[in-house]
Amino acid sequence: MMEPHLNIPNNHPRAESIRVRERLIEGEERSVVTKSGLFAHGRGEAFDYLIGEASMPSALSAARAAAASLLLASHPVISVNGNTAALVPGALVELSNESGAPLEVNLFYRTRERELAVRDALLAAGATNVLGVGPRVATIPELFSERRIVDPEGIYKADVVVVPLEDGDRTEALKRMGKFVITVDLNPLSRTAQTADITIVDNIIRAIPNILTAIRELRSMDAESLRSIARGFDNKSSLSASILFIRDRLTALAEGRG
Ligand code: ATP
Ligand code: MG
């Protein structure tokens, strides 16, 4: 049974953030989101509060580099977990269509029920083909049990993988498999943020639309120009810029200049 949800007045100062929480609670009731997914959202929200709930300049540059890398990829794939399917199903479908990267259900806590629930959330948002559901044979080496299963037509053979809100162990395993990893993670200190090739330190609800906007802007560029955008991006510097942004914002707030 669905719980009756709060009716949040539009003028409530935290209306948007509360609505996002509600989407995750509804997702949990449909088995799209796990209980640990709800905790993960809380960790993300705390960082979003520090960032000021708006895309930082470093996040916009990272989204642009991600768009260039996706346009240059031979076999790009977008990995979808419960939280991303609950929060941005429509934007993921649009990103898949615009980039030619298929969507793959890729769950840390994989059960048949959740696989189908996440796939159904994507189909309801307009997806036509969803990988990672049903019997698959490929596995990520060194990871255990259901956490390591990937689709042979998807992540297994991909050169560029978009893995938003991913766990650190799994990101490290993808790197060891030689993948170019693009992630979205509000915590610039997480192992995933530190390990990926491109980390967009931003809320997924802003980051995916930002990648889409950048793809539309860059689509007409030649490969050489795209390569120079991708090469010009350095993840270490981008993470440093994100941490310094938070520091400076906190300093301004503490001194009453916020
Ligand atoms: P790691 O395993 O990378 O060291 P962790 O164990 O703290 O990190 P995980 O649950 O493995 O966290 O990964 C989820 C990550 O997603 C967290 O860093 C969290 O801050 C981030 N996150 C949660 N919700 C969002 C969101 N809406 N947008 C962007 N990032 C988010
Ligand atoms: Mg983790």
Flag if Glu26 is part of a helix (DSSP H, G or I), more than 16 Å from the chain's Cα centre (by Cα) and either of a type in the set (Lys, Arg) or at pLDDT 95 or above (or both): yes
Out of Leu107, Leu165, sole residue that is at positive phi, at pLDDT 90 or above and within 16 Å of ligand 2 (Cβ to nearest atom): Leu165
Residue list for region 174-198, restricted to those being among the charged types (D, E, K, R) and buried (at least 24 other Cβ atoms within 10 Å of the Cβ): Asp185
Scope region 59-109; condition farther than 28 Å from Asp234 by Cβ, open to solvent by 10 Å² or more (accessible area, probe 1.4 Å) and part of a loop (DSSP other than H, G, I, E, B); matching residues: Pro102, Phe108, Tyr109
Region 196-229, residues that are β-branched (Val, Ile, Thr), touching a strand residue (DSSP E or B) at 6+ places or on another chain (Cβ under 9 Å) and not in a loop (DSSP other than H, G, I, E, B): Ile198, Thr199, Ile200, Ile204, Ile208, Ile211
Only listed residue being of a type in the set (D, E, K, R), more than 16 Å from ligand 2 (Cβ to nearest atom) and surrounded by 20 or more Cβ atoms within 10 Å (Cβ to Cβ), chosen from Asp202, Asp222: Asp202
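The values are calculated or read from the model by the stated rules, or taken from the named source; none is laboratory data. This one's a predicted model, so the numbers in the text were calculated from it and none came from an experiment. Cβ atoms come from the backbone with ideal geometry, glycine included; neighbour counts cover every protein chain shown. Just the protein is used for accessible areas: all its heavy atoms, side chains included, with ligands, DNA and RNA removed. Shrake-Rupley method; radii C 1.70, N 1.55, O 1.52, S 1.80 Å.
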